[in-house]
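Chemist: Have a look at this one before I ask anything.
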Amino acid sequence: MKLFKDNQISQDTWTEIGDDPLPAVGDLLVSYSRLSAEHATLTQLPVRLGVIFDNAERAEVLKDHLQSLSLIVLAFPSFGDGRAYSLARQLRDLGYTGELRARGDVLPDQLQFMMQVGFDTFEVSDRFTEQDWRRAAEQISLSYQPITGNKQDIWQARHAYAEALREQPHAG
Amino acid sequence: MTTKELGKILTANRLSDGEVVFLTRSAAWSERIDDAVLSIEPQSQAALQEKGELAEAGNLVTGAYLVEAERVNGYVRATHIRERIRTLGPTVRIDLGKQVEGTGGAFAARG
Amino acid sequence: MYRYDEFDQQFVDQRVTQFREQADRRLRGDLTEDEFKPLRLMNGLYLQLHAYMLRVAIPYGTLSSRQLDRLAEISEKYDRNYGHFTTRQNIQYNWIKLEETADLLADLADVEMHAIQTSGNCIRNVTTDHWAGAAADELADPRPVAELIRQWSSLHPEFSFLPRKFKIAVTGAPADRAAVKVHDIGLRMHLSESGERGWEVIAGGGQGRTPMIGVTVREFLPEKELLPYLEAIMRVYNLHGRRDNKYKARIKILVHEIGADTFRDEVEAEYARGSEIDIAVSQRELDRIAAYFAPPQFEELPNWSPRNEEHKATNKEFAKWVRSNVAPHKQDGYAIVNISLKPEGGIPGDATADQMRTVADLGRRFSFDEIRVSHHQNLVLPHVRQEDLFDVWQILSAADLATANVGLASDIIACPGLDYCALATARSIPVAQSLSRRLADVERQQDIGPLRINISGCINACGHHHVGHIGILGLDKKGEEFYQITLGGSSSEDASIGKILGPGFAGEDVPDAIETIINTYVGLRQPDETFLSTLKRIGAQPFKEALYETV
């Protein structure tokens with residue numbers, strides 16, 4: 001699967017292992033049920049761990065796993081199913097700082113929303129070019145809502161701007 | 001003597017401007033219901049539906065669907081009031097819509 | 001009123017560019033209709049019965065004269081010289097071309113307007129009391145908070161793909177003119193003993209096919225906490241609202257299915273959890289927004305105008321209009337002028353380009369450049385000197401805008417119905433037209449007193465029939481239109497859902513049926529009793545008997 005990550009298309013290095021025996025090396029992506037059932041074994045392996053997390057689960061159940069996770073994959077089963085946006089926010093609020101990946105029905109038009117709630121990688125098809133994704137990432141440069149990451153939102157920006165003006169002679 | 005045939009016509013909205021259009025005998029799209037091909041047999045109706053799906057995939061029209069229609073004295077009209085309003089225009093603004101040009105076999109939207 | 005700064009402007013401009021590209025991709029075939037539909041809906045563009053329909057947001061129903069002039073111009077440039085004001089304080093254009101929509105949006109952006117989130121499963125245009133900032137009974141102008149909510153909800157990254165649409169209404173007055181109890185979230189201003197402003201948060205109300213009155217989730221939420229608290233409600237809804245059935249996807253169903261207490265607990269838990277991202281807006285930003293809504297420069301005037309009194313005494317038509325359409329203002333010497341878009345036999349909520357220009361001009365000359373749109377589908381000049389009422393009335397009369405029926409029987413709310421709407425099951429407008437002809441006598445209407453007749457053309461209830469004192473719902477029975485009548489609805493502080501009276505009627509029989517109901521009320525009322533209080537006292541039985549047993 002191709003990824004859009006750090007503003008470019010790259011190849012995915014993770015291995016989704018499903019119900020297969022656990023390899024001892026590599027970046028392993030498991031389901032949440034496997035993660036909770038085999039947590040002790042999994043965290044002993046000298047591998048990086050990722051989880052595919054279901055939209056119907058509550059974010060808090062991952063709380064104790066967050067330290068051992070390097071990747072969380074959230075799904076968009078359809079364009080209009082927005083649960084993963086809230087899950088992403090909650091996971092970031094719980095302190096998760098690793099890779100947060102969007103999979104499923106992902107259009108460039110949604111990229112910005114996803115980035116704003118904390119997604120940083122995106123599984124993409126060949127249908128859109130790297131240029132399409134880049135363009136989508138920067139199309140709306142402004143947002144009213146405070147943004148995950150360090151970008152300024154409109155509310156902060158306008159007061160910073162007013163502050164700067166105040167330091168200059170008043171122009172009316 | 002009144003002659004009446006029941007069947008189906010294929011309608012859609014033109015993608016670019018939303019105009020209600022009808023599939024004609026020559027497989028083109030017309031703004032006039034008078035040009036619509038009335039399909040009587042279930043098999044030909046299925047073929048009509050297929051043409052609609054193809055046309056949608058070609059991005060010329062959108063939302064194609066079959067509508068119950070009848071041919072009365074040579075004129076085609078939709079049988080249900082909803083479709084009749086759609087093919088003619090708002091009943092409360094007879095100065096707007098297709099009814100202005102007198103299409104629709106000169107039927108009133110209601111009645 | 002609020003003015004965009006360069007950030008607001010840039011935001012809207014970028015959105016226009018984005019939509020232009022999306023429309024181009026669709027026209028080129030790079031996007032399928034399934035993909036494009038949610039994108040166009042998020043910009044208010046529907047495909048209706050005859051053509052595309054564009055719904056333009058009028059945030060909390062407030063317009064400047066320049067904006068209303070532009071709406072008139074747009075109706076001429078892109079549509080057919082008229083627009084339709086809706087029950088959500090918006091305006092709709094019925095004959096729009098996809099290939100011209102981006103240009104239209106750019107013309108809107110030029111006057112600080114947009115069509116963002118007037119459709120789709122997102123937070124819709126926030127609505128409020130159409131007399132905000134002018135009403136004699138209000139605690140404070142609710143519009144600063146409405147504007148704050150507009151900004152916060154605009155392209156909200158987390159809440160743009162909700163289970164279903166989401167409507168928020170705000171009021172700052174004890175008399176509820178914003179229908180806060182029948183919205184997904186209703187906010188009602190209260191003052192604490194120390195004068196601190198807070199908001200009662202009501203959630204889970206709504207109309208549609210399953211009408212419900214909202215439940216109070218918080219009695220008094222300090223204003224500063226408003227946005228974080230709204231986020232908590234939205235997050236609970238976004239995660240747990242049903243997505244398996246669109247008819248059960250509104251927040252009211254979630255509240256109903258898990259129960260008000262569990263819902264409240266969920267919201268409070270989510271709120272208590274807090275967030276890394278602090279959404280609480282600074283006092284400085286609240287103050288900045290509030291400054292735009294400072295009262296206009298009213299003159300010091302006595303609360304009595306000899307000129308106005310004289311005209312009332314000598315001109316009966318003017319006097320009737322003042323009685324029905326003019327409401328008290330908080331400022332002495334001023335009045336609120338309600339402009340009826342319900343002429344006898346007219347289409348409720350429709351206004352021609354010329355009429356829009358007339359009202360825009362009146363706003364400029366007589367109302368501090370302000371116009372409002374009410375959810376009753378009327379317009380309002382909020383700040384008119386009592387001295388000027390006669391001049392305003394004369395100009396309105398010349399434009400067929402002086403029907404003296406605001407709040408009365410022929411001030412009928414009606415959705416577009418089957419004449420325009422792809423979802424409708426029956427027509428609404430012709431029923432409203434025939435009723436308004438039947439009830440046209442203003443003196444009789446004034447004798448009948450306040451009466452809300454609301455008509456919807458399908459169970460989605462855009463005509464708010466559930467909360468009409470008399471509600472009319474148009475349905476399809478084997479290809480024929482028929483109409484169900486409900487009694488006892490209200491969207492005010494005494495909010496209630498109307499109950500079905502009995503078997504439905506054919507369209508042509510509706511005026512007789514309504515007439516019978518009204519006559520029954522007039523015959524049985526006690527002095528000073530309104531329709532609703534009579535109904536409450538005597539119940540529906542006398543109406544049923546009059547309607548079904550004597551026919």
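Chemist: Shape verdict for the range B:4-101, please, from the Cα gyration tensor: rounded (a/c under 1.5), prolate (a/b greater than b/c) or oblate.
Modeler: Details: a/c = 1.99, a/b = 1.13, b/c = 1.75.
It comes out oblate by the Cα gyration axes.
Chemist: Considering the Cα positions of the range C:6-109, please state its Rg to one decimal place and its Dmax as a whole number of Å.
Modeler: Calculated on Cα positions, Rg and Dmax stand at 13.6, 40 Å.
Chemist: Averaged over peptide B:14-22, how many Cβ atoms belonging to another chain are found within 10 Å of each residue's Cβ?
Modeler: Taking the mean over all residues of the peptide, I get 6.
Chemist: Going by the alpha-carbon gyration tensor, a ≥ b ≥ c the square roots of its eigenvalues, is the protein assembly as shown rounded (a/c under 1.5) or, if a/c is not under 1.5, prolate (a/b greater than b/c) versus oblate?
Modeler: Since a/c reaches 1.5 but b/c is at least a/b, the shape of the protein assembly as shown is classed as oblate.
Chemist: For B:LEU6 paired with C:THR516, estimate the spin-label separation in nm (one decimal), with each label point 7 Å from Cα along the Cα-to-Cβ line.
Modeler: 3.4 nm
Chemist: Whole percent per 5 Å bin, from 0 to the bin with the longest distance: what is P(r) over all C-alpha pairs of chain A?
Modeler: Computed distribution, short to long bins: 1, 8, 16, 17, 17, 14, 9, 6, 4, 3, 2, 1, 1, 0, 0.
Chemist: Gap in Å between the Cα centre of the range C:414-462 and the Cα centre of the range C:491-551?
Modeler: Centre-to-centre distance over Cα atoms comes out at 16 Å.
Chemist: Using a 10 Å cut-off on Cβ to Cβ distances, tally the other chain neighbours for every residue of C:284-290 and report the average as a whole number. If you can, show how the numbers build up before the last one.
Modeler: On the way: counts 4, 5, 0, 0, 4, 0, 0.
If you average over the peptide's residues, the count of other-chain Cβ atoms is 2.
Chemist: A further question on this structure: Tell me which cysteines of chain C come out unpaired when the rule is another cysteine's Cβ under 4.7 Å.
Modeler: C:CYS122, C:CYS421, C:CYS458
Chemist: Per residue, how big is the convex hull around the C-alpha atoms of the range C:201-309? Give it to me in cubic angstrom, could you?
Modeler: That works out to 194 Å³ per residue.
Chemist: I've got another one for you. With labels modelled as points extended 7 Å from the Cα through the Cβ direction, what inter-label distance (nm, one decimal) is found for B:GLU31 paired with A:GLU130?
Modeler: Output for this residue pair reads 4.7 nm.
Chemist: Let me ask something additional. Under the rule of at least 5 residues apart or a separate chain, name every residue whose amide H is placed under 5 Å from the amide H of C:VAL217.
Modeler: Long-range HN contacts for C:VAL217: C:VAL201, C:ILE202, C:ALA203.
Chemist: Okay, next question. Among A:VAL51, A:VAL61, A:VAL106, which one shows the highest mean-square fluctuation when chain A is modelled as a Gaussian network with alpha-carbon springs under 10 Å?
Modeler: Of A:VAL51, A:VAL61, A:VAL106, the most mobile in the Gaussian network model is A:VAL61.
Chemist: Determine the shielding of peptide A:158-167 by partner chains: average, over its residues, the number of Cβ atoms on other chains within 10 angstrom of each Cβ.
Modeler: Going residue by residue through A:158-167 and averaging, the value is 2.
Chemist: Heavy-atom accessible area of C:LYS320 with all protein chains present, probe 1.4 Å, nearest 10 Å²?
Modeler: C:LYS320 has an accessible surface of roughly 40 Å² with all protein chains in place.
Chemist: Also, I was wondering about something else. For the range B:49-65, what does the Karplus curve 6.51 cos²θ - 1.76 cosθ + 1.60, with θ = phi - 60°, yield as ³J(HN,Hα) per residue in whole Hz, taken in order and with x for Gly and Pro?
Modeler: 4, 4, 4, x, 4, 4, 5, 5, 5, x, 6, 8, 10, 9, x, 6, 7
Chemist: Amide H of A:LEU29 versus every other amide H placed in the peptide plane: which residues, excluding those fewer than 5 positions away on the same chain, fall under 5 Å?
Modeler: A:THR15, A:GLU16, A:ILE17, A:GLY50
Chemist: Under a Cβ-only charge scheme (Lys and Arg +1, Asp and Glu -1), can you give me the dipole magnitude of chain B about the Cα centre, in debye to the nearest 20?
Modeler: Here the size comes out at about 340 debye.
Chemist: Between the range B:50-79 and the range C:213-235, what is the separation of their alpha carbon centroids in Å?
Modeler: 49 Å
Chemist: In debye, nearest 20: dipole of the range A:2-140 around its Cα centre with unit charges on the Cβ of K, R (+) and D, E (-)? All intermediate terms of the calculation are to be shown ahead of the outcome.
Modeler: On the way: 14 positive and 22 negative charges, 54 e Å.
Dipole size: approximately 260 debye.
Chemist: Using each residue's phi in the range C:535-542, evaluate 6.51 cos²θ - 1.76 cosθ + 1.60 at θ = phi - 60° and report the 3J(HN,Hα) Karplus result to the nearest Hz, with x for Gly and Pro.
Modeler: Karplus values, whole Hz, x for Gly and Pro: 4, 5, 6, 9, x, 7, 4, x.
Chemist: Between C:SER305 and residues 5 or more places away or on another chain, which pairs have amide H atoms under 5 Å apart, with H built 1.01 Å from N, and which residues are they?
Modeler: none
Chemist: Of all the C-alpha pairs in the range C:31-88, what % are more than 17 Å from each other?
Modeler: It works out to 48 percent of all Cα pairs.
Chemist: Once R0 is set to 30 Å, what does the formula 1/(1 + (r/R0)^6) return for the Cβ-Cβ distance between C:ALA272 and C:ALA106, expressed as a FRET efficiency to the nearest 0.05?
Modeler: 0.10
Chemist: Using θ = phi - 60° and the Karplus curve 6.51 cos²θ - 1.76 cosθ + 1.60, what whole-Hz ³J(HN,Hα) does each residue of the range C:138-143 get, with Gly and Pro shown as x?
Modeler: 7, 6, 7, 5, x, 5
Chemist: Same structure again: Over the Cα atoms of chain C, each weighted equally, I'd like the Debye log10 I(q)/I(0) at q = 0.13 Å⁻¹, rounded to two decimals.
Modeler: With one equal scatterer per Cα and no solvent, log10 I(q)/I(0) is -1.46.
Chemist: So how far apart, in nm, are the two label points at A:HIS39 and C:GLN297 if each is 7 Å from Cα heading toward Cβ?
Modeler: 6.8 nm
Chemist: Which value in Å does the Kirkwood hydrodynamic radius of the range C:221-377 take, with 1/r averaged over all unlike C-alpha pairs and then inverted? If you can, show how the numbers build up before the last one.
Modeler: Details: mean 1/r = 0.0479 Å⁻¹.
So the Kirkwood estimate lands at 20.9 Å.
Chemist: Using a Förster distance of 51 Å, how high is the FRET efficiency between A:THR13 and B:THR24, based on the Cβ-Cβ distance and rounded to 0.05?
Modeler: Once rounded, the FRET efficiency stands at 0.35.
The values are calculated or read from the model by the stated rules, or taken from the named source; none is laboratory data. All figures in this text were calculated on a predicted structure; none of them were measured in a lab. Please note: Cβ atoms are built from the backbone with ideal geometry, for glycine as well, and neighbour counts cover all protein chains shown. The accessibility values were calculated without ligands, DNA or RNA, using every heavy atom of the protein model including side chains. Shrake-Rupley method; radii C 1.70, N 1.55, O 1.52, S 1.80 Å.
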